[in-house]
């Protein structure tokens, strides 16, 4: 008999009885394919935007951030102008931004030559969002050196064009300068023309303490940012792939095992294994081809919708999207059919004689072979997916997921082994654990699926707030202040602060900008902050060595971060150039300065710090600022708020993919539980027939549900804490503080997902039990 005749006479009849499990499998493949097709479209669009904006993002062929005065550098810039280079100078200051409703936020102010009127301003999106301003709105800026002035918002920039890193983090506004501004302390020099790398080397030889960024540097930075985004998105995609691969294999194997007697009879009727395999491929191909095609059609429009929700312009054309989708459809079909054929290897090992004797030795061997083949192929196919994306960084995300799954399985196995050593006397516990041991792999994969889903949701929806809270708490514990006050020249704020009931304590510093000339020190731009003993009331925590007033006046203390960044130690000497002269200082102590102003060097007052006066202030209320009219105040928690705001924006697309991940997880779990229910249905029927009752079966199902909720909650919260603790310590040098509300949220999500997962077996237990299975 030909294979197609087998399909018509046998497989089509069987389709109806397998419709539930096949629908679950098809939906799982649909969601996975949808995610896998959305990611390359979104990333291609992001890359197009970045590639088209490299020059705008950098501000020119070369961008130079000036942090202290340098006559040699200014002379070289004058020479470049004579040589025909186009040079634009912009001054950086800080200011308060206020909208018509009085909402106020702090950010950078960039003064230069822009295509705007003198009463107009260009805002960065983070500042515009903070003060809820849109194009055409009137806003007010307060700053001591500028005064209070109103501007009309001419444009809102979605990306930080031609600015320094601080402006990118804090947000900025660009205004028109009334006259040419000569750089005093801090500014940007944008140079257009020639070769950026050669220009950079030329200027570095003149002044190596400034920060330089050529088009090549900016391109590397942009590609690095894109790689990080791809890695985050592909972690979700590749997790979905692994779940779908497991679904295809388990579904196929379960169907083959349920039909093994049928296949034995068909083989005895001289129908070859090859014909049976082809008929099975055609039957199961419906669960692959249809969802893949539907996912392709949906992804075309859904990618546009996601970009629109993220307020991102769509730059890739319809033909480019079609090409990406077509490649993705081919890749997904090849991937899913490959694993389908691996699972169908079992068909060849179903022998009529073995089935009659109920000898499953060969079937057990082939199941191990299927497992080993799949484990070997998964990393290869994840690597192939990274080639499809065109980014090898995507493979790093896949390796991370595989490593995580391996560790997760090992930990779960150890926990289960330890629990089974406990001498339970309750029959529900004993039977429940034996059932879990019997179906260890399926139970562990459900646990993994729920755990990973919760982790993704926690990262997507709470990461920004957790980082903000943790950084604020860390700074509160480590810094002796929570406000910085920059005194306007000609003003004496001493009396105001002394008599202010809301000021707990403060310290007064006399500052001067300077440059470090040591070749081994990277951070050249520093600020020397001198202090008198009677003014030092809010005191920094000394981590190592001596305090400010211990030892010689010509010795200094540096921040812990400055020490680590430049590989310095106690006893090292720092050579300094400033307008007040050249000095050689010995490091006598290390203070905890957190992430704020880490390039500030503290020393006892000697009279050189006459450039500006600043205060660090400890206060539990912002009411102390009511008497400060024309001096600049910044709260230290604004840094954490800005980083949190940036993260929140970058996580938007991640959140949308998380929602799809939930569907993928739920479908996978329901599919696995349904297969286990079919496999264990006979055992449950025997238990009920013996008079133990439905109640016992209900209790052990509820026991498994509760165990799943407890373990997934603890493990997901633990993983979330571990990931954040590592990230905060490595990148932001901050401790972690997490609200236990997130533990409660983990429990709620886990409970909901577990109830959905076990809904089918629990609901079926309430129905009338048929004893027909016992006749088989």
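The values are calculated or read from the model by the stated rules, or taken from the named source; none is laboratory data. For clarity, every value in this text was computed on a predicted model and none was experimentally measured. All Cβ positions, glycine included, derive from the backbone under ideal geometry; neighbour counts span all protein chains shown.
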| task | Tell me which of these residue 243 doesn't satisfy, since it passes every other one: (1) assigned by TED's automatic domain parsing to the domain that holds residue 129; (2) under 30 Å from residue 450 (Cβ atoms). | result | (1)
| query | How about region 581-618: which of its residues are part of a loop (DSSP other than H, G, I, E, B), more than 34 Å from the chain's Cα centre (by Cα) and buried (at least 17 other Cβ atoms within 10 Å of the Cβ)? | reply | 605, 608, 609, 611
| Which of the residues that make up region 538-559 are under 39 Å from the mean Cα position of the chain (by Cα) and either modelled with pLDDT under 90 or part of a loop (DSSP other than H, G, I, E, B) (or both)? | 538, 539, 540, 541
| query | Can we say residue 541 is in contact with a helix residue (DSSP H, G or I) (Cβ under 9 Å, 6 or more places away or on another chain) and buried (at least 20 other Cβ atoms within 10 Å of the Cβ)? | reply | no
| query | Is there a residue in region 356-374 that is outside the structural domain of residue 320 (by TED's automatic domain parsing) and at pLDDT 80 or above? | reply | no
| message | Which numbered condition in (1) buried (at least 24 other Cβ atoms within 10 Å of the Cβ); (2) out of contact with any helix residue (DSSP H, G or I) (no Cβ under 9 Å at 6 or more places or on another chain) is the only one that residue 29 fails? | response | (2)
| field | Residue that is surrounded by the fewest Cβ atoms within 10 Å (Cβ to Cβ), among those in region 522-537 that are modelled with pLDDT of 90 or more and in a loop (DSSP other than H, G, I, E, B) | value | 532
| request: Quick one: count up the residues across region 442-485 that are over 21 Å from residue 413 (Cα atoms), outside any loop (DSSP other than H, G, I, E, B) and touching a residue at least 12 places away in the same chain (Cβ under 8 Å). | output: 25
| message | Quick test for you: out of 640, 716, pick the one residue that is at pLDDT 80 or above, touching a helix residue (DSSP H, G or I) at 6+ places or on another chain (Cβ under 6 Å) and surrounded by 15 or more Cβ atoms within 10 Å (Cβ to Cβ). | response | 716
| request: Considering only region 413-433, state which residues are outside the structural domain of residue 698 (by TED's automatic domain parsing) and touching a residue at least 60 places away in the same chain (Cβ under 8 Å). | output: 415
| request: Please verify whether region 49-57 includes one or more residues that are closer than 24 Å to residue 333 by Cβ, in the same structural domain as residue 274 (by TED's automatic domain parsing) and in contact with a helix residue (DSSP H, G or I) (Cβ under 6 Å, 6 or more places away or on another chain). | output: no
| field | Any hit, region 56-71, residues being over 30 Å from residue 655 (Cα atoms) and part of a helix (DSSP H, G or I) | value | yes
| region 422-440, subset under 42 Å from the mean Cα position of the chain (by Cα) and assigned to a loop (DSSP other than H, G, I, E, B), residue nearest to residue 704 (Cα to Cα) | 439
| task | For residues that are touching a strand residue (DSSP E or B) at 6+ places or on another chain (Cβ under 8 Å), surrounded by fewer than 20 Cβ atoms within 10 Å (Cβ to Cβ) and modelled with pLDDT under 80, tally how many sit in region 452-487. | result | 1
| message | It is to be established whether one or more residues within region 556-568 are surrounded by fewer than 20 Cβ atoms within 10 Å (Cβ to Cβ) and over 30 Å from residue 725 (Cβ atoms). | response | no
| Name the pairs whose Cβ atoms lie under 7 Å apart, with the first residue in region 1-20 and outside the structural domain of residue 274 (by TED's automatic domain parsing), the second in a loop (DSSP other than H, G, I, E, B) and modelled with pLDDT under 80, and 6 or more positions between them or separate chains? | none
| task | Report yes if some residue within region 93-101 is at negative phi, out of contact with any strand residue (DSSP E or B) (no Cβ under 8 Å at 6 or more places or on another chain) and assigned to a helix (DSSP H, G or I); otherwise report no. | result | no
| message | Testing residue 200 on (1) surrounded by fewer than 17 Cβ atoms within 10 Å (Cβ to Cβ); (2) modelled with pLDDT of 85 or more; (3) within 24 Å of residue 73 (Cα to Cα), one condition comes back false. Which one is that? | response | (1)
| remark: Residues of region 518-534 being farther than 18 Å from residue 204 by Cα and without any contact (Cβ under 8 Å) to a residue 24 or more places away in the chain, in sequence order, are 534
| query | Where in region 258-362 are there helices (runs of 4 or more DSSP H), lying fully within it, with 1 or more residues that are within 33 Å of the chain's Cα centre (by Cα) and crowded, with 20+ Cβ neighbours inside 10 Å? | reply | 273-309, 318-343
| task | Output the number of residues of region 41-71 satisfying the condition of being under 23 Å from residue 511 (Cβ atoms), touching a residue at least 12 places away in the same chain (Cβ under 8 Å) and surrounded by fewer than 19 Cβ atoms within 10 Å (Cβ to Cβ). | result | 2
| said: I'd like the residue in region 619-629 that is in a loop (DSSP other than H, G, I, E, B) and more than 37 Å from the chain's Cα centre (by Cα) and, out of all such residues, is nearest to residue 570 (Cα to Cα). | reply: 628
| request: Go through (1) on the phi > 0 side of the Ramachandran plot; (2) buried (at least 19 other Cβ atoms within 10 Å of the Cβ) one by one and return the number of the condition residue 571 breaks. | output: (2)
